[in-house]
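Worksheet: the structure to be examined is printed underneath.
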Amino acid sequence: MPKRTPQKILHQPQQLTFPDNSLALSLYGEQGGNLKLIEELLKVSIHVRGNQIKITGDPIDVRLADSTCSQLYELLKEGYILHPNDVEFAVRILSSDPGTHLRDIFLDRLYINSGKRHIVPKSLAQKLYVDAIRTHDIAFGIGPAGTGKTYLAMAMAVSALIKEEVARIILVRPAVEAGERLGFLPGDLEEKINPYLRPLYDALYDMMSFERVSRLLERGVIEIAPLAFMRGRTLNDAFIILDEAQNTTSEQMKMFLTRLGYDSKVVITGDVTQIDLAENEISGLLEARRILQGIDGIAFVTFTKQDVVRHRLVRQIIQAYEEKGRKSYPKEDNIQKVSCQS
């Protein structure tokens with residue numbers, strides 16, 4: 001009996017109708033840019049006819065495109081202003097977990113900055129991170145650059161200050177790169193340490209006007225300081241962020257964690273692939289992750305390159321360095337993506 005030639009299966013296209021024409025245009029984007037991005041990311045074809053779209057392609061990809069378009073339209077109905085980056089984030093979120101409700105993430109408004117832009121989570125890990133900060137006294141955010149660890153912590157801190165949940169914000173970074181050479185740098189102490197604290201200033205100025213930040217700094221409501229200045233202090237009624245914590249020593253991390261006072265919240269961020277300590281020094285962040293697991297009130301949220309919310313090239317750069325690292329360096333100990341103890 002002769003072999004039958006396999007027949008190509010024709011997939012049934014998915015058709016969507018959007019009742020509000022103006023919202024449909026917002027969904028489509030300028031010159032259809034949002035739909036083109038969905039086509040590119042999910043390898044589907046989207047044909048537009050007025051307020052209707054027809055999606056064709058692999059059934060799984062079609063379902064994802066359908067869910068992406070439907071949920072983004074619902075966000076628009078609730079007043080959300082859609083940016084092209086949001087489309088990419090939505091596709092990535094639904095691709096990793098098709099059962100996710102985008103409104104639970106994109107409508108979780110942490111803060112409205114001086115430019116009237118909402119600051120919201122942009123990935124599942126970011127949402128878990130934000131929730132961990134809300135529900136725990138100490139939260140660790142560990143992962144590569146560009147995942148929003150410091151920026152989201154700053155947004156939560158500013159929001160808490162405005163709502164009068166805390167009386168002050170304290171932002172801390174180690175100045176480890178200078179080491180013992182700090183005294184040889186030109187200028188007074190403030191001029192010497194400012195380069196190491198600049199990223200914290202940048203995040204603040206993105207959320208509040210220069211004048212307002214200056215006033216709060218002058219009054220001591222916002223304090224930005226190197227880690228060494230924390231010794232001997234007890235920090236009550238404060239939102240404290242320790243940034244670049246991978247560059248703390250074991251002793252420094254213990255010292256910092258024991259500064260926690262009443263009615264305070266601590267967020268610690270770091271990237272364990274960018275440790276600048278001497279070879280014989282143990283990173284306080286790595287040690288804390290090993291020994292503090294299981295303590296009530298402490299949460300650990302781990303980000304990956306999939307959570308990078310910067311330019312798409314940043315994820316590719318991180319991946320390239322990770323692949324190089326696998327060939328040159330021993331692997332890190334296996335960890336769960338999220339570990340939260342209530």
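Numbers for the structure displayed
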| quantity | calculated |
| --- | --- |
| Residue ID - most open to solvent (accessible area, probe 1.4 Å), chosen from residues in region 277-291 that are under 17 Å from residue 138 (Cβ atoms) and among the hydrophobic types (A, V, I, L, M, F, W, C) | 291 |
| Some residue of region 296-314 being of a type outside the set (D, E, K, R), open to solvent by less than 10 Å² (accessible area, probe 1.4 Å) and over 17 Å from the mean Cα position of the chain (by Cα) | no |
| Count of region 247-276 residues which are within 12 Å of residue 286 (Cα to Cα), without any contact (Cβ under 8 Å) to a residue 60 or more places away in the chain and open to solvent by less than 40 Å² (accessible area, probe 1.4 Å) | 3 |
| Residue, nearest to residue 90 (Cα to Cα), within region 124-176, restricted to residues that are open to solvent by 30 Å² or more (accessible area, probe 1.4 Å) and in a loop (DSSP other than H, G, I, E, B) | 145 |
| Residues satisfying the stated conditions in region 41-55, i.e. farther than 24 Å from residue 85 by Cβ and surrounded by 17 or more Cβ atoms within 10 Å (Cβ to Cβ) | 51 |
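A quick yes/no check of all residues on (1) part of a loop (DSSP other than H, G, I, E, B); (2) farther than 18 Å from residue 25 by Cα:
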{"site": "61", "(1), (2)": "no, yes"}
{"site": "66", "(1), (2)": "no, no"}
{"site": "100", "(1), (2)": "yes, yes"}
{"site": "121", "(1), (2)": "yes, yes"}
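The values are calculated or read from the model by the stated rules, or taken from the named source; none is laboratory data. What you are looking at is a predicted structure, and each value in this text was computed from that prediction instead of being measured. Heads up, the Cβs are rebuilt from the backbone with ideal geometry, glycines too, and the neighbour counts pull from every protein chain shown. When the accessible area is computed, the model is the full protein with side chains, heavy atoms only, and any ligands, DNA or RNA have been set aside. Shrake-Rupley method; radii C 1.70, N 1.55, O 1.52, S 1.80 Å.
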